[in-house]
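Here's the structure we're looking at; comments come further down.
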Amino acid sequence: MKVRFPNILLISLILIIASCEDFLDQEPRSEISKEEALDDFLSLSFALNGAYNGLVLSSLYYAEFMMYYPDITGGNLKIRQDLSENAGEPFRELYNFQVAELSDRDNYEEMYEVLNSVNNVINAVPNIIDASQEEVDGVLGEALALRALIHFDLLRVFAQPYNYTSDASHPGIIVLTESPDPDEELTRSSVADGYNQVVRDLEDAISLLPNTNIRARFNQLSAKALLSRVFLYMEEWSRTASLANEVINDSRTALVDSSSYVMIWDNNYLGNEIILKILNNSNQNTLSDLFGTVPGEVPILTVTTDYENLLTDSDVRSRLIQEQSYDEGTYRITTKYPYQNLSANAVPVLRLSEIYLNRAEAYAELNREELALADLNTIIQRADPSAEELILSGQDLLNRIFEERRKELAFEGHLLFDLNRNKRDVIRSDCNPGVINCNLAYPDYRYIQPFPLGAISGNRNLVQNEGY
Amino acid sequence: MAKVAALFTILFFYHTASAQDELFKVTGQVVDPSGIPLPGVNILVKGTNLGTISNADGNFGLALPANNRILIFSFIGYKKQEMDVSSASTSLTVTMEEDVQTLEGVVITGYNVEKNRTEIVGSLDQISSEELVVERPEESFEKLLAGRIAGVTISNTGGGEAGLPVSVRIRGQGTLPSLGTSRRSSSSEPLYILDGVPLYDITEGVGSNVTAREQRLNPLASLNPSDIESITVLKDASASAIYGANAANGVILITTKDGRTGGLKVEARVAHGLSEAINNVKLLNSEQYVELYRETLLNSGFTEEEAIERAGSAEVYTDWENITIRTAQNTNANLSLSGGSESVRMRLSMNYLDNETISEGNSFMKMGSRTALNFNFSEKFKADFNGGFTLVRKESLGGFFDQNFPPNISPYNADGSFNNSGFFETRPNPLATLEQNDNNHKSFATTNSVRLSYKPAASIQLRGLIGLDYYQNRHTIFLSGLNASGRNFGGRLSILDRQNFKWITNLTARWGTTLRNNHNLSALAGFEAQEQVTDLIRGSASGFPYDDLRILQVAENRESYSDNEVVTSISYFGELSYDFKQKFFISLNTRNDASSVFGGDVRRAFFASAGLSYNFHEEEFIKNISWIDLFKLRTSYGSTGNSRIGSYAARGLYGIDERFSYNGDPGIYPTTPANPDLTWERNLKFNTGLDIGLFDRMGLVIEYYRNDIKDAIAQIDVPYESGFTSGDVNAADFRNQGIELTLSYDIRRGENFNWTADFNLATNRNEITAVKLKQFDFNPNTGTGYRIGEDVRNIYGAFYTGVDPETGVALFLLNDGSLDSLYRVANDPEHIRRIGTTNPTLFGGFTNTLIYKNWQLSIITSYSFGADVLVSNFYETDGRQISFLNQSVNQLDRWQNPGDITNTPRLSLENEPYRLTNRYLYDDDFIRFENILLSYSFSNQLIRRIGLDKANVFIQCTNLGYIYFDDTPKDRNGVAEYKNRFPESRTFTAGITIGF
């Protein structure tokens, strides 16, 4: 066939346009692709910021849930009685230990959402070439500590505690170190494996993290503080004590004195007692809404007499309980989360007094009772300088440490987890009327949460917790 | 250098060779059966692209190559003719025969290739401007297609509201319906191509949160139906695979009118009409309302006194629907001018359409213009321009979403001001919103194309196209602080702006030859590139100090958002056709698409099809049977795709937003899961058909189709461990299959009286053949689900069995056969069952055209059977919402005393809300009278005297009404009333057309 001029023109035109393969590379304009989001150091640090913010992005995790769930189920809080059906719905099922349907309470999905954002950061670290080793290590260390925190929370909420079986071989959670594909159906690993991952991540984080003095992000100090709590849950007493030692002996942290105690609950968390707090830049989902410190707003959750009766009048902590009158009635509220005019309350995750109590419990279990008593008395007398020095031993000492933990760490998301790992019953004398399951006798499947319906139907390999 | 030399050598030989060919010249005239000259007839030398067009007087002249003396004359609406001119005198007279059965004649196929019907191997249908009935007062041309083409369904999703997108389905639902309202699935609409330019599909992709409250309008309404020359619907793979990745739902080619040679012709048409609402819902009057409300309260534990007090008195009666409904006016004016010479032809048209709808505050107005310029520079080189623009103004207040208020309250206070207190403290008074709020659209749309054609030789044609499509719409919503709609915000203004800009360019080369007089071979090859850019912006503000200063900067709180999306694609395509003696045809085509929509390795997709046909009527044994004019068998198989799922679907995405920041530093956070395995949907189409022409007056087409959709994309639940609850996946395979039948018959053909009937029928069966992830993915909020062996458009829900005669509570059937009064128990995945489908299984239309002397009557009907419609539940809430919503008169039949047998439960405020049950499901079987047109054409002698070429007057009734087949009593509401929130209307128009 004869080749003609226009054909050549045509062919060359096709070749010119076809060679512009870039023409087909269209990046999203309002969002960025995952690869691009994680290919340089600045983007990586933005992704890490997003992960921190993810902890408080919705009421389903640290913005609210982790702060009230262990306390309403454990008995420090109850639901305001005349709260409407709708407003009370998210709390009632939890409070009543009654799951009508395995509904769409998607804490589970929320926690995995943050976990995946953290994993994306961790797995992108090897590709970063535009920053120093020290900078990259810092980001990696923070991300590993965050991953440990989330896995630990998942284990506390959705799995029975470490000591539920002698070798912690009972079902744990799905441990993730990288983001699964949309159709990947993973299985739960044992609680032991879950805790091993948490410990490994925290130990790596401690070795990578710098010794900074920032409280709104993980640093070496807060990673050690968290690991002391993890070892406490694992009943690794001596490791708990040694990590607690390191934290308590660190010059950057100190208990505030009794007269300043109430002031630390200002949103600025004055003083060095706060080891890790998560800031919340949202103007919604605030803890002050929940606990009724917004002027004129009726609380959703109120303080029980069970808790109030634990505190003597001279105890500084009783000043954090206030009686407030509204049209609807008079309620006792906690003022640990005072109203903030422009932003949501920051969330306290780790506080030095907890580390003292971790160490006290560890020493008591290790039969080093003087040391245990010293730590216990430090906390008791800080709260009430008029209190007498206690001398106790054996189970009495352990009971008293537990009680002090409840008093000191109330409304900070500890009680149910502490009850469960100490194999104690749930006893709620000041219980909302009409509730059948005010009390639980240990052990009970209801100490932990069921996986939501969507999680089960979305992943056929996810075995529901026993009992649900 | 050597190459250039070689090139010149080749060019030289080529020109000398072709010069030797041009020896024989032929001239002549083309006329219609009554002897009137026909301009614009296509005249081609057989087997080549060499040809011409007859001029205004029907004359033509053509130089023929030495070896080929056969001419083919073709013109839309006439039968194609072949003529051997080797022995003829140099001046011919060719009489074209009118094509009455539409089985022959010329049709437009992919990439603007004109073919004779008898040459087609695929499945396509063409409707010409004459058949469209452009006098109809519809704002968008798709509405004119209802009932006209077998296998095509048109549904007016907006009810009687003008200007909203029209849903068009060719051979059934071609995509998986999304499992939720906000979830993604690929577009279900066909691909529209206007003079070579693909038009904007506004329904594709997910909505951006930037324009969340935007009411999307129909960009296709910018085209004036009177400018359309023909519409071709490509149904099967052989016809549509050349459009590749966007052809899965079929392709609709729109060709607009070109200029005609000859002196200036002017045509003008003006019509005016009135519309009235049909099938509005019958609601309770004040006495009935108060009675039912009191009964509800008593049943809910209130005392007699409380009930009387709360329900209020029946003294006032406000028929809320009636006071906001009007008799709507519409005006439609068209003017077109055309004319030209052999070398330049042009057509210019203008259009004005103003359609009020039957609701106050709701109307659609457009003004537009369209131009066609056709240049014939030489035998070899031609250029065409088609373009136009349209301005639209639409008012969207009064959308029937807040009309069924309690009838016993007045819209006005005693002093005549709007009643904005009491009930209207929290709910907007509809009369106040009509006066105080704004809700309007202003849009501008333009579609233009330039096409160049060059024929270096008789057998080769090169064509290039550059096209632009631009659509911009600004939607302004103001909720006034003077009434409850905006009181809480102190007035709220939202301005949403959407722009879509698209360019396309393609180059095609065609080549054809005839070997040994019997073997015709032709080929088409092409290249195409396109880019589409969508820009969205929203400004919103609340807290307006002055209600009538409606600009953003005066407001206290202001927010602004924007978004932007780009899609690009590059494609190669080709087609190869062969026929033996016009008896046996083979057509093969292929397309390779590369698109930016999919990332990674699956960016490219390859589509192909093959088709065969056999014209048995060319065989001697049938040729001898005088009453068989046409007997043709066709079959085809091939693949098409659907890439219209919105951009970046396969990418994992991070969002950047102020709310992701941490401690004052910017933050980014995952927003869309990555699915590297996401692949293109494939639509494998099989088609076989039989075309029969009998007795020179009857045409019959029977077709069977089977479309297998593989790897259909939908957004479904994914394992929560991925950090997402839902993601895009290739969720299922499904199939559409059915039979189509088109029959046209000249019942009467005579001097004074002609009667033509066109009937079409189609069946559709839709079935899921494989589900990729889970056995049964079901959304309990929408009732959609994918279940093997069942229809993708099934509705799943609780099975309502009626009312317990003893207690009056609603009863639902569980899967163990027992009854339960709780919907939430019965709507569990364990108990739900299929309650209906929204896919019709049998549908079509019936059109009759009667001509008696100067009178013409055309009646268009359409019908649909087998579909169900799930209607809104708020007309029948059994007391639950009676405090703020007036109820349907059907609620009068409620259960009152033990022993009552009824279908309406006992009224109570505590009744459970539910929607997904067969209680609210109706059979959507209907026959619809689309349009009845009666026109009178003045006789030629009469109008010539006053200097006109033609003049006719017409009266017309559009959407006269429906026949439904449900047994609803006359004084109750049924499917007719409940089907559309915005009632449909019936329109009477009268108009006049003149031409000179």
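The values are calculated or read from the model by the stated rules, or taken from the named source; none is laboratory data. Please read these numbers as outputs of a predicted model, since none were measured by experiment. Heads up, the Cβs are rebuilt from the backbone with ideal geometry, glycines too, and the neighbour counts pull from every protein chain shown. These area figures cover heavy atoms from the full protein model, side chains too; ligands, DNA and RNA do not enter into them. Shrake-Rupley method; radii C 1.70, N 1.55, O 1.52, S 1.80 Å.
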- Item | Percent breakdown of C-alpha pair distances by 5 Å bin, ordered from the shortest bin, for segment A:344-468 | 2, 9, 15, 16, 15, 15, 12, 8, 4, 3, 1, 0
- State to the nearest 20 debye the size of the charge dipole of segment B:751-886 about its Cα centre, where the only charges are +1 on K and R beta carbons and -1 on D and E beta carbons. 460 debye
- Note on the structure: The A/B contact buries a total accessible area, at probe radius 1.4 Å and rounded to the nearest 100 Å², of 5900 Å²
- Message: Suppose we keep just the DSSP beta bridges with both residues in segment B:786-945; what percent of those would be antiparallel, to 5?
- Response: 95 percent
- segment B:797-853 -> Rg/Rh from Cα coords, Kirkwood Rh, value 1.46
- Occluded residues from segment B:565-589, i.e. those whose accessible area drops by 10 Å² or more once the chain is not alone (1.4 Å probe): B:Val566, B:Thr568, B:Ile570, B:Tyr572
- At what distance in angstrom do the alpha carbon centres of segment B:216-231 and segment B:279-327 lie from each other? 45 Å
- Message: With the alpha-carbon atoms as the only input, what is the per residue convex hull volume for the protein assembly as shown in Å³?
- Response: 211 Å³
- Cα-only Debye scattering, segment A:26-157: base-10 log of I(q)/I(0) at q = 0.15, 0.18 Å⁻¹: -0.79, -0.97
- Of B:Lys455/B:Lys581; B:Lys115/B:Lys235; B:Lys25/B:Lys382, which ones are farther than 19 Å apart at the Cα? B:Lys455/B:Lys581; B:Lys25/B:Lys382
- Task: Check the straight Cα-Cα distances from B:Lys366 and name the lysines below 18 Å, setting aside those fewer than 8 residues away within the same chain.
- Result: B:Lys143, B:Lys394, B:Lys442
- Tell me, what ³J(HN,Hα) does each residue in segment B:471-478 have, in order and in whole Hz, if you take phi through Karplus 6.51 cos²θ - 1.76 cosθ + 1.60 with θ = phi - 60° and put x for Gly and Pro? 9, 9, 9, 10, 10, 10, 10, 10
- Task: Starting from the coordinates of the alpha-carbon atoms of segment B:796-927, obtain the Kirkwood hydrodynamic radius over all distinct pairs and give the value in Å to one decimal.
- Result: 17.2 Å
- Hypothetical label at B:Asp696: residues of segment B:614-638 whose amide nitrogen lies under 12 Å (7 Å Cα-Cβ projection): B:626-629
- Item | R0 of 22 Å, Cβ-Cβ distance B:His519-B:Leu633: FRET efficiency to nearest 0.05 | 0.60
- What is the mean projected area of the alpha carbon convex hull for segment B:854-903, to one decimal in square nanometres? 7.6 nm²
- Query: Per residue in segment A:105-121, which ones lose no less than 10 Å² of accessible surface when going from chain alone to all protein chains (1.4 Å probe)?
  - Reply: A:Asp106, A:Tyr108, A:Glu109, A:Tyr112, A:Glu113, A:Asn116, A:Ser117, A:Asn120
- Message: Give me the 1.4 Å probe accessible area per residue for segment A:271-382, excluding ligands and nucleic acids, in Å².
- Response: 38 Å²
- Stokes-Einstein D (µm²/s) once Rh is taken as the Kirkwood radius of chain B over alpha-carbon pairs, at 10 °C in 1.306 mPa s: 51 µm²/s
- Compute the whole-percent fraction of alpha carbon pairs in segment B:689-834 spaced more than 25 Å apart. 56 percent
- Message: Taking 56 Å as R0, compute the FRET efficiency from the Cβ-Cβ separation of B:Asp84 and B:Arg972 and round it to 0.05.
- Response: 0.20
- What's log10 of I(q)/I(0) for segment A:203-343 at q = 0.17, 0.18, 0.20 Å⁻¹, Debye sum over Cα points only, no solvent? -1.09, -1.14, -1.22
- Item | For segment B:473-582: Kirkwood Rh in Å [reciprocal of mean 1/r, alpha carbons] | 18.7 Å
- In Å², rounded to a whole number, the accessible area per residue of segment B:814-862 with probe 1.4 Å is 49 Å²
- By how many degrees, 0 to 90 and rounded to 10, does the Cα axis of helix A:369-383 deviate from the longest principal axis of chain A? 90 degrees
- Under Stokes-Einstein, segment A:318-409 at 20 °C and 1.002 mPa s, with its Kirkwood radius over C-alpha pairs, diffuses with a coefficient in µm²/s of 141 µm²/s
- Note on the structure: Filtering trypsin sites (Lys or Arg not before Pro) in segment B:274-380 by DSSP loop and by at most 16 other Cβ atoms within 10 Å leaves B:Lys282, B:Lys380
- 222 nm [θ] for chain B, helices only, -39500 (n - 2.57) per DSSP H run of 4+, per residue, to 500? -2000 deg cm²/dmol
- Task: Using Cα centres only, tell me the gap between segment B:546-578 and segment B:353-373 in whole Å.
- Result: 23 Å
- Rounded to whole Å and sorted largest first, list the principal axis extents of the Cα atoms in chain A. 108, 49, 47
- Query: What's the Kirkwood radius of segment B:710-753 in Å, using all Cα pairs?
  - Reply: 15.4 Å
- Message: What are the equivalent ellipsoid semi-axes of segment B:867-996, built from the alpha-carbon gyration tensor (square roots of five times its eigenvalues), in whole angstrom, biggest first?
- Response: 51, 14, 12
- Task: Rounded to the nearest 500, what is the 222 nm mean residue ellipticity of chain A from helices alone, with -39500 (n - 2.57) per DSSP H run of 4+ residues and division by all residues?
- Result: -14000 deg cm²/dmol
- Looking at the square roots a ≥ b ≥ c of the eigenvalues of the Cα gyration tensor of segment A:346-393, which shape do they give, rounded for a/c under 1.5, prolate if a/b is larger than b/c, or oblate? oblate
- Query: With charges set only on the Cβ (+1 for Lys and Arg, -1 for Asp and Glu), what does the dipole of the protein assembly as shown come to about its Cα centre, in debye to the nearest 20?
  - Reply: 6400 debye
- Task: Work out the charge dipole of chain A with +1 on the Cβ of Lys and Arg and -1 on the Cβ of Asp and Glu about the Cα centre, then indicate which of A:Ser179, A:Val316, A:Ser288 is farthest towards its positive end.
- Result: A:Val316
- Message: So with the 1.4 Å probe, I'd like the accessible area per residue for segment B:915-993, rounded to whole Å².
- Response: 47 Å²
- Counting only protein heavy atoms with a 1.4 Å probe and every protein chain in place, the carbon and sulfur fraction of the accessible surface of the protein assembly as shown in whole percent equals 52 percent
- Relative contact order of segment B:296-450: what whole-number percent is it, with Cα pairs under 8 angstrom and at least 6 residues apart? 21 percent
- Message: So if I take the centroid of the Cα atoms in segment A:238-278 and the same for segment A:382-448, what is the distance between those two points in Å?
- Response: 22 Å
- Item | Over segment B:446-527 - Rg/Rh using Cα atoms and the Kirkwood inverse-distance radius | 1.51
- Item | Dipole moment magnitude, nearest 20 debye, chain B about Cα centre, only Lys, Arg, Asp, Glu C-beta charged | 3640 debye
- Note on the structure: Nearest 10, in degrees from 0 to 90: the angle of helix A:107-124 to the longest Cα principal axis of chain A is 60 degrees
- Note on the structure: Taking every alpha carbon pair in segment B:214-361 and sorting the distances into 10 angstrom bins from 0 up to the bin holding the longest one, the percent per bin comes out as 9, 18, 19, 19, 12, 11, 8, 3, 1
- Task: Quick one: give the max-minus-min coordinate of the C-alpha atoms of segment B:897-969 along each principal axis, largest first, in Å.
- Result: 80, 22, 19
- Query: Which one of B:Ser485, A:Leu398, B:Thr841 is farthest out on the positive end of the charge dipole of the protein assembly as shown, using unit charges on Cβ (Lys, Arg +1; Asp, Glu -1) and the Cα centre as origin?
  - Reply: B:Thr841
- Query: Using the alpha-carbon atoms, what tilt in degrees (0 to 90, nearest 10) does helix A:5-19 show relative to the longest principal axis of chain A?
  - Reply: 20 degrees
- Would you grab the residues whose amide H sits under 5 Å from the one on B:Val94? Only those 5+ places off in sequence or on another chain, please, with H modelled 1.01 Å from N. B:Gln29, B:Val30, B:Val31
